[in-house]
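Here is the structure we will look at, set down as structure tokens.
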Ligand SMILES: [Zn+2]
């Protein structure tokens, strides 16, 4: 799908994906083609001033790819965002809060700027450039260091009263107090606490206390692929937890597809069977007889391309 701006403007958009551990900045056209991209590591101790300087440096490096300037700027925000007023409301990892980032960017670059929560941005990208261009009702689920969700219902992004509709990460999936891990939200047993990267590592370390203190979810996935039975079981449990959360969400929004993104999703093969069988056990099957689970078609660029869509759409029709 090619995006049309309401004003005739062939200039590209400056797309910015502010992640938890990295910032991506790119020059993107209306077809989703990325002309040039900058990637910078972000430290969780960075405040907004550091992030702002990185954005300015990246934009400076990229401006030669847009000799006539940028038609607009779109930003994917990690955490709560107010797209109407362009305010970065709150990011739990960094603590950054209440930054009028859209107006700051507009002023700095003399062009309109728009923002959106990063998971919603991923869903927008999948709808515009990915597997869901013909699908009006779908659920996007990011499984990474945290778990987040975005819902398209009737062809529109579902926002909710405060913009946090689709927050699948806090669906409770483990009720056994001896297993439930404390979540960043203060609860116990949320799918984010159990099945995101840190939860995978914690569960593995409970099973294998001698594991290296530095082991990561990616290392555990490699062990599983090499036949380590403990690692295989941890990833199967990950599938069960995700299946429970996706069933709970699907019973409410009745999507025809679920799209998985984020780093943990790259190991979908290790947990797909467990996810699908738990999903079938938990879902209202008659109402969701052919729900499809797929990985994103957009890889690590999903949020970046979503930021471009947010810019092109100018806060409208999304
Ligand atoms: Zn939670």
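The values are calculated or read from the model by the stated rules, or taken from the named source; none is laboratory data. The structure displayed is predicted, hence computed values, not measured ones. Positions of Cβ are generated from backbone atoms using ideal geometry, with glycine treated the same way; all protein chains shown enter the neighbour counts.
Cβ-Cβ below 9 Å, separation at least six or inter-chain, first residue in region 189-205 and touching a residue at least 60 places away in the same chain (Cβ under 8 Å), second in a helix (DSSP H, G or I) and within 12 Å of the ligand (Cβ to nearest atom): which pairs?
Once the first residue is touching a residue at least 60 places away in the same chain (Cβ under 8 Å) and sits in region 189-205, its partners that are in a helix (DSSP H, G or I) and within 12 Å of the ligand (Cβ to nearest atom) give 195/245; 196/169; 200/194.
Looking at (1) within 18 Å of residue 140 (Cβ to Cβ); (2) crowded, with 20+ Cβ neighbours inside 10 Å; (3) at pLDDT below 95, can you tell me which one residue 312 breaks?
Looking at each condition in turn, residue 312 falls short on (1).
In region 236-271, what residues are buried (at least 18 other Cβ atoms within 10 Å of the Cβ) and not in a helix (DSSP H, G or I)?
Of everything in region 236-271, those that are buried (at least 18 other Cβ atoms within 10 Å of the Cβ) and not in a helix (DSSP H, G or I) turn out to be 255, 257, 258, 259, 260, 261, 262.
Name the residues in region 41-54 that are surrounded by 16 or more Cβ atoms within 10 Å (Cβ to Cβ) and part of a strand (DSSP E or B), would you?
none
Would you check if there is a residue in region 204-213 being buried (at least 20 other Cβ atoms within 10 Å of the Cβ) and more than 16 Å from the ligand (Cβ to nearest atom)?
Yes, region 204-213 has at least one match.
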